[in-house]
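Worksheet: one structure, shown below.
The values are calculated or read from the model by the stated rules, or taken from the named source; none is laboratory data. Quick caveat, the model's predicted, so the values are computed rather than measured. Cβ placement follows ideal geometry from the backbone for every residue including glycine, while neighbour counts extend to all protein chains displayed.
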């Protein structure tokens, strides 16, 4: 019997039993894989990565443009208006009387919604979107209780056709929509019903039908008098005479608010709060110029000394003497003047413009 050597049994050729790695690949397989992942293989990988980046570029650009539009056309209004705040109402130093409930009032003017004649559709779209977003954001952030718009709501109300007027009014109500608890009050301007010599009964009634003919409005004990200042020409025309008669009736009601209820000619009707009235109108009261104006929104310094034309840039001296307190716009520049420190001021109302 022939003996078998132990080393001949345990020593086998490499081709008979290949070495296996943990992933099941032998040395030959690893060699072939390394060859495939050589310079050419890595080049294909980098090319695929570049193609992937190139395919994602339009998506990135779209996302950047969308984010920019979202910020510039939506979020920026919140960032700006959140910096606004209501004025602080302090206890009066002259009387020591308790403060009435505070009324938050927002005052706007000269929105000039473009019409069908002079308004380009793209210009209208851009302007009205900005006004709508600013107004709706202010409603949400500031939470006013009443909003006043002091005339020149439309740009072509003085000559617009009935159909164009209806379209403009519909756009106005869409842009300046508001919750039921917020009251919106409007007065007429010269672009709504025309200047004095363009104004007629048809345009005045059309405006009052679309909005309101209310002349006296009271909220939280604060009385507001709304005047058609275009009719304050003083030449006794039919519309002017009617406007002055309405103002006289309002004056009587305000005077009765200071009388004992049921006494004298006032009778036992509903009595107003005995507070100083705040006049709301489009034309400003008479002033020679804007030289005494101040504030961040005042006219440029070179324009402040330009004389005002009576009955055009402002009311006449005579008409202004009939009116005591005002909040008006028409000149398109706010007018702010510092009064003496101890002068009585209307109480119970804080406003922003």
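Tabulated data
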read-out: Residues located in the range 117-144, provided they are part of a loop (DSSP other than H, G, I, E, B) and surrounded by fewer than 16 Cβ atoms within 10 Å (Cβ to Cβ); value: 117, 118, 120, 143
read-out: Top-ranked residue in the range 252-261 [being part of a helix (DSSP H, G or I) and either at pLDDT 85 or above or more than 33 Å from the chain's Cα centre (by Cα) (or both); ranked as farthest from residue 281 (Cα to Cα)]; value: 256
read-out: Some residue of the range 68-89 being at pLDDT below 80 and within 30 Å of residue 276 (Cα to Cα); value: yes
read-out: Candidate set from the range 183-209 (those that are outside any helix (DSSP H, G or I) and touching a strand residue (DSSP E or B) at 6+ places or on another chain (Cβ under 6 Å)); member that is surrounded by the most Cβ atoms within 10 Å (Cβ to Cβ); value: 187
read-out: In the range 210-224, residue nearest to the chain's Cα centre (by Cα) [restricted to those that are outside any strand (DSSP E or B) and farther than 10 Å from residue 103 by Cβ]; value: 211
read-out: Selection within the range 214-238 - surrounded by fewer than 19 Cβ atoms within 10 Å (Cβ to Cβ) and either farther than 19 Å from residue 278 by Cβ or in contact with a helix residue (DSSP H, G or I) (Cβ under 7 Å, 6 or more places away or on another chain) (or both); value: 215, 216, 234, 235, 236, 237, 238
read-out: Check on residue 89, assigned to a loop (DSSP other than H, G, I, E, B), exposed (fewer than 12 other Cβ atoms within 10 Å of the Cβ), at negative phi and in contact (Cβ under 8 Å) with a residue 24 or more places away in the chain; value: no
read-out: Scan of the range 231-247 for residues that are on the phi < 0 side of the Ramachandran plot and assigned to a loop (DSSP other than H, G, I, E, B), ordered by number; value: 232, 233, 235, 237
read-out: Subset of the range 270-310 that is without any contact (Cβ under 8 Å) to a residue 12 or more places away in the chain and either buried (at least 19 other Cβ atoms within 10 Å of the Cβ) or in a loop (DSSP other than H, G, I, E, B) (or both) - its residue that is farthest from the chain's Cα centre (by Cα); value: 270
read-out: Any hit, the range 166-182, residues being assigned to a loop (DSSP other than H, G, I, E, B) and within 18 Å of residue 242 (Cβ to Cβ); value: no
read-out: The range 92-116, subset modelled with pLDDT of 85 or more and part of a loop (DSSP other than H, G, I, E, B), residue surrounded by the fewest Cβ atoms within 10 Å (Cβ to Cβ); value: 116
